[in-house]
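Chemist: Take a look at the following structure, please.
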Amino acid sequence: MSTDAPRTIPVQRAFDDDHPVAPWQERIRISAFVPFSTVDWPGSAAAVVFLQGCPWRCGYCQNPQLQARIDPPSTSWQAIEGTLRQRTNWLDSVVFSGGEPTTDRALPDAVRAVMDMGYRTGLHTGGAYPERLAGLLPLLDWVGFDIKADAAHYDSITGAPGSALRAMRSARLLLASGVACEFRMTYHSALLSELAVLRAADLLATLGVRRFVLQEFRPEGVTNALAPHTGISERLLRELDTRFPLFGVRRADGNPGCGQISGR
């Protein structure tokens, strides 16, 4: 769910036999850990924990290696916690990403552990598990929500029947919770038409979304063979800008406008 593919960073091993390991710490499936990021939670200095597992198979996914939960964890929760405890002067938040992090049933325990260390908590999600998200929202300070398409094209993007209903239920739960959030959509011109993007934007605006970011497709990490992406038209950007009080675009080429949010 992150705007960048995960970079596995060695972390210092911590804790010994005098610090017992909780059952959830044994179960959690960590794929990668980034000890510092300024892009995974805009405006926040965050560490990012990438968890294994995702029920969806989006063709443009940058982290396809995280979809299945078959690889052994890259590191332990105890090691990550040891690193986080040493970085409280440099970080203010921890973001859980994936994959789809709510796939991991140990996630609530990990979020509570981060809270106990004094960090703010963030989540990247596509809303695949609304019931689990509902339980997490009281623990979260911020959510980056990935909208995949308009309702008519959701299942074709995710490869999962019923994904639109799950995502929309999760979106409504998030908006009703009052938790700070950013809704964003990855755009590949060969996978989704501009009209489909605008239909999705209209629905989000009706639900009350205030902050929306269009993320241009980036090929890094993508393993599927896709037709060429032809870019984002200025017309599409103008239309989206009229629908949200806060709108931004993150371009694949990293130009100076990347990530900037315009407000009305």
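Chemist: Scan the stretch 96-119 residue by residue and report those that are crowded, with 17+ Cβ neighbours inside 10 Å and more than 20 Å from PRO130 (Cβ to Cβ).
Modeler: Within the stretch 96-119, ALA113, VAL114, TYR119 qualify.
Chemist: Still on this structure, I have one more. Looking for something among the charged types (D, E, K, R) and within 17 Å of PHE217 (Cα to Cα) - is there at least one such residue anywhere in the stretch 163-186?
Modeler: Quick first cut of the stretch 163-186, residues among the charged types (D, E, K, R) only: 166, 169, 172, 182, 184.
Pick out the ones that are also within 17 Å of PHE217 (Cα to Cα) and you get 184.
There is at least one residue in the stretch 163-186 that is among the charged types (D, E, K, R) and within 17 Å of PHE217 (Cα to Cα).
Chemist: A follow-up question, please. Of all residues in the stretch 58-89, which are modelled with pLDDT under 90 and touching a Gly at 6+ places or on another chain (Cβ under 9 Å)?
Modeler: The answer is CYS58, GLY59, CYS61, GLN62, ASN63, PRO64, GLN65, LEU66, GLN67, ALA68, ARG69.
Chemist: Quick check, is ALA225 over 21 Å from the mean Cα position of the chain (by Cα), at pLDDT 80 or above, small (Gly, Ala, Ser) and exposed (fewer than 15 other Cβ atoms within 10 Å of the Cβ)? Can you show your working first?
Modeler: Details: over 21 Å from the mean Cα position of the chain (by Cα): yes; at pLDDT 80 or above: no; small (Gly, Ala, Ser): yes; exposed (fewer than 15 other Cβ atoms within 10 Å of the Cβ): yes.
No: the conditions fail for ALA225.
Chemist: Quick check on PRO108: is it modelled with pLDDT of 95 or more and under 30 Å from ALA190 (Cβ atoms)? So that I can check it myself, show each step before the final result.
Modeler: Working: modelled with pLDDT of 95 or more: yes; under 30 Å from ALA190 (Cβ atoms): no.
Here the answer is no, as PRO108 does not meet what is asked.
Yes/no per residue for (1) within 17 Å of PHE50 (Cβ to Cβ); (2) touching a helix residue (DSSP H, G or I) at 6+ places or on another chain (Cβ under 9 Å):
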{"position": "THR121", "(1), (2)": "yes, yes"}
{"position": "HIS124", "(1), (2)": "yes, yes"}
{"position": "ALA128", "(1), (2)": "yes, yes"}
{"position": "LEU133", "(1), (2)": "no, yes"}
{"position": "LEU137", "(1), (2)": "no, yes"}
{"position": "GLY144", "(1), (2)": "yes, no"}
{"position": "LYS148", "(1), (2)": "no, yes"}
{"position": "ALA151", "(1), (2)": "no, yes"}
{"position": "ILE157", "(1), (2)": "no, yes"}
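Chemist: I've got another one for you. Please work out if GLY162 is closer than 25 Å to VAL95 by Cα, surrounded by fewer than 22 Cβ atoms within 10 Å (Cβ to Cβ) and not β-branched (Val, Ile, Thr).
Modeler: no
Chemist: Any residue that is part of a loop (DSSP other than H, G, I, E, B), buried (at least 18 other Cβ atoms within 10 Å of the Cβ) and in contact (Cβ under 8 Å) with a residue 24 or more places away in the chain - is there at least one of those in the stretch 181-190? Don't jump to the end; show me each part of the working.
Modeler: Going residue by residue through the stretch 181-190, those that are part of a loop (DSSP other than H, G, I, E, B) are 188-190.
Narrowing further to those that are buried (at least 18 other Cβ atoms within 10 Å of the Cβ): 188-189.
Filter again for in contact (Cβ under 8 Å) with a residue 24 or more places away in the chain, leaving 188-189.
Yes, the stretch 181-190 contains at least one residue that is part of a loop (DSSP other than H, G, I, E, B), buried (at least 18 other Cβ atoms within 10 Å of the Cβ) and in contact (Cβ under 8 Å) with a residue 24 or more places away in the chain.
Chemist: So, THR75, is that one over 26 Å from GLY43 (Cβ atoms) and either surrounded by fewer than 17 Cβ atoms within 10 Å (Cβ to Cβ) or more than 20 Å from the chain's Cα centre (by Cα) (or both) or not?
Modeler: Details: over 26 Å from GLY43 (Cβ atoms): yes; either surrounded by fewer than 17 Cβ atoms within 10 Å (Cβ to Cβ) or more than 20 Å from the chain's Cα centre (by Cα) (or both): yes.
Against the criterion (over 26 Å from GLY43 (Cβ atoms) and either surrounded by fewer than 17 Cβ atoms within 10 Å (Cβ to Cβ) or more than 20 Å from the chain's Cα centre (by Cα) (or both)), THR75 qualifies.
Chemist: Test LEU191 against the stated conditions and say whether it is modelled with pLDDT of 95 or more and not charged (D, E, K, R). Steps first, please.
Modeler: Numbers: modelled with pLDDT of 95 or more: no; not charged (D, E, K, R): yes.
Answer is no for this residue.
Chemist: Identify, by number, the condition in (1) surrounded by 20 or more Cβ atoms within 10 Å (Cβ to Cβ); (2) free of Cβ contacts under 8 Å to residues at least 12 places away in the same chain; (3) of a type in the set (S, T, N, Q) that THR38 doesn't meet.
Modeler: That leaves (1) as the condition not met.
Chemist: Looking only at the stretch 41-57, count how many residues are buried (at least 24 other Cβ atoms within 10 Å of the Cβ), among the hydrophobic types (A, V, I, L, M, F, W, C) and assigned to a loop (DSSP other than H, G, I, E, B). It would help to see each step written out before you state the result.
Modeler: Pass one, the stretch 41-57, residues buried (at least 24 other Cβ atoms within 10 Å of the Cβ): 41, 46-52, 54.
Subset that is among the hydrophobic types (A, V, I, L, M, F, W, C): 41, 46-51, 54.
Pick out the ones that are also assigned to a loop (DSSP other than H, G, I, E, B) and you get 41, 54.
So the count comes out to 2.
Chemist: Here is a list of conditions, (1) free of Cβ contacts under 8 Å to residues at least 24 places away in the same chain; (2) part of a loop (DSSP other than H, G, I, E, B); (3) within 30 Å of VAL179 (Cβ to Cβ), and ALA225 meets all of them except one; can you say which number that is?
Modeler: With respect to (1) free of Cβ contacts under 8 Å to residues at least 24 places away in the same chain; (2) part of a loop (DSSP other than H, G, I, E, B); (3) within 30 Å of VAL179 (Cβ to Cβ), ALA225 is out only on (3).
The values are calculated or read from the model by the stated rules, or taken from the named source; none is laboratory data. Since the model is a prediction, treat every value here as computed from it, not as a measurement. Cβ: placed from backbone, ideal geometry, glycine included. Neighbour counts: every protein chain shown.
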